[in-house]
Ligand code: CUK
Ligand code: CUA
Ligand code: CA
């Protein structure tokens, strides 16, 4: 970079608006050759950039520029919203590294097309859409253990699990007896035994089309617990009102959910009638005790034990307590010190801080009023939706209507609630625009480190080049490591992720090539065994009535079988084992004009089934560029007329 170029940088820009081009010039002057020597080319490392300036805003901006060849510090897992997938981003660069198809059909990997993925999708493979909101990472002793990520599908009432060692979805469960799993969180302590999912909408039981009376006694929704290992629904708890977001504590005893529709209304006006709705608290061991004692029912064909957590004639159940909070609350977030559940007011400018150490007394009947559990109700601004934490006693709440994030101090808000004159609001920062979730690094664990804050803005308006009437969302990265929040990056996302989660990079340990014994393709290995096939070596066509099974290997740049013959109307299953052992050497398989595509990564076995319904010669080819002769990696299927 020449001095001339840096001298030409625009003079009048403010600090945050400093252009990258100008910034490059400015920093290069101060930092000398440090970055150049480090990477052997004209790029400068983040650390060198940050060291080159004393200005806090410039330092923050420099941290985001992960130079070519440098790795990010955090994994970010993004919900793909109603696009139905999960995405992996590097933080702080916000580079999208990978996409993990879950509730969608994916043309590149063949998710939803391959036999392995359809086996995991089960009966729900008939759905081609999903609506993810809440990705959460499994924990042991309140820390991420790198095993699983769980995510909800509001659209088709499912919960999915992603194995973090291979970054693939390996289980999907459709939750019975409820509609629309929305809020989703995990048990933190002692480990993630349960995955909790909120059924958002109440429905009649049985839902057989004979009742449309939504106020009726048999019309309700439920809190659902899935076993994190088996992914079976362990139990369900009937609640009053509806359920929105949920979280769990650090003792393993209490989970809490917000309810915005205590009115059980079916229209907007009705759902805003009450000045207060509530947070419902669940006593998990008490629920397990009810089931053990046989105090449960089952619904329809489902065998899942169902415990009634509703109030009866004003009397509390054994398993729940309802804490009134203002008005149509939304987010529910546990503070990383384990002390508080914070419910976000949405239609009220407040958050309600619930002291978790008062909950045993509430359940024991020692409190006159459940609101005695509330130790602060700070006024923050308009439309509080979600709160996250820096591990230094501060909370960060999104204000949807104000288009801001407000940083506030929890203990000071508690003192103010007691009547002391103290200003608990530390800073309000404009975001762009209308933020929903926010998420600080490691905030859901006991290790919240207060480095980065992600704000997921619902509207991007004019922040990007216009791309037609549909706009991307705008996920904004904010440096919170100092006293001041500093906005450093805009990241467009599709489509409305709702939520994301960040883990330190040392907490996630993915494999580089597949293990031949991986359960992901075990059913396919099982089938091959029955056909007498050794997948790693055999290239064979097996005819079984109208079914034809083609087994082949792939090794760059050839398939083990380059031609095979079937009859019109045959159901053909192609199974390919990639015997290459080289990291990043993925093959694909596309059968032209048959709607068939799949990924076969190193040491993976993949298979796909289709009907050969058109006579003729049909080419197949490798779809992932694997070799200089990748274009030549091809073969032909001859379909003889019936
Ligand atoms: S929800 Cu979308 S902004 Cu589904 Cu967690 Cu709050
Ligand atoms: Cu194999 Cu491209
Ligand atoms: Ca309401």
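Quick notes on this one:
- For the peptides 48-57, 382-391, the ranking by mean Cβ contacts within 10 Å, running from highest to lowest, is 382-391, 48-57.
- Using the rule -39500 (n - 2.57) for each DSSP H run of four or more residues, divided by the residues of the chain, the 222 nm mean residue ellipticity is -3000 deg cm²/dmol.
- Computed from the alpha carbon atoms alone, the convex hull of segment 580-642 holds 83 Å³ per residue.
- In Å, descending, principal axis extents of the Cα set of segment 520-559: 32, 23, 15
- Orientation-averaged projection of segment 502-595 equals 8.5 nm² [convex hull of Cα atoms, one quarter of hull surface area].
- Packing-based ranking, highest mean first, of 288-299, 311-322 given that Cβ atoms within 10 Å are counted: 311-322, 288-299
- Note that segment 378-536 shows a convex hull volume over its alpha carbon atoms of 185 Å³ per residue.
- In segment 334-420 the Cα-Cα distances spread across 5 Å bins starting at 0 as 3, 15, 24, 24, 18, 10, 4, 1, 0 percent of all pairs.
- Between residue 298 and residue 418, the contour length at 0.36 nm per residue exceeds the alpha carbon distance by 38.6 nm.
- Fully extending the segment from residue 268 to residue 484 would add 73.9 nm, taking 0.36 nm per residue of separation and subtracting the current Cα-Cα distance.
- Computed over segment 209-274, the ratio Rg/Rh where both radii use C-alpha atoms and Rh is Kirkwood: 1.05
- Distance histogram for segment 40-108 (every C-alpha pair counted, 5 angstrom bins, percent rounded to whole numbers): 3, 16, 20, 16, 14, 10, 9, 7, 4, 1
- Highest mean packing first, where packing is the average number of other Cβ atoms within 10 Å per residue, the peptides 168-176, 545-553 line up as 168-176, 545-553.
- All Cα-Cα separations within the chain were binned at 10 Å from zero, giving a P(r) of 3, 15, 23, 22, 18, 12, 6, 1, 0, each value a whole percent of the pairs.
- Calculated P(r) of segment 56-212 - Cα pairs past 28 Å, %: 30
- Across segment 166-322, Cα-Cα pairs farther apart than 24 Å form 30% of the total.
- Rg over Rh for segment 166-227 works out to 1.10, using Cα positions for both radii and the Kirkwood form for Rh.
- Mean sequence separation of contacting Cα pairs (under 8 Å, at least six apart), scaled by the length of the chain, corresponds to a relative contact order of 9 percent.
- Cα centroid separation, segment 311-348 to segment 242-289 (Å): 6
- The alpha carbon radius of gyration of segment 322-467, expressed as a multiple of 2.2 N^0.38 Å, is 1.07.
- Calculated P(r) tail over 20 Å for segment 446-563, as whole % of Cα pairs: 67
- Multiplying the residue separation of residue 526 and residue 511 by 0.36 nm and removing their Cα-Cα distance gives an extension gain of 3.1 nm.
- Contact order normalised by residue count of segment 455-576, Cα under 8 Å, 6+ apart, percent: 14
Bear in mind that the values in this text are calculations on the coordinates, not laboratory data. Computed from a prediction, not measured in an experiment: that's the story for all the values here. Methodologically, a virtual Cβ is constructed for each residue, glycine included, from the backbone with ideal geometry; neighbour enumeration extends over all protein chains shown.
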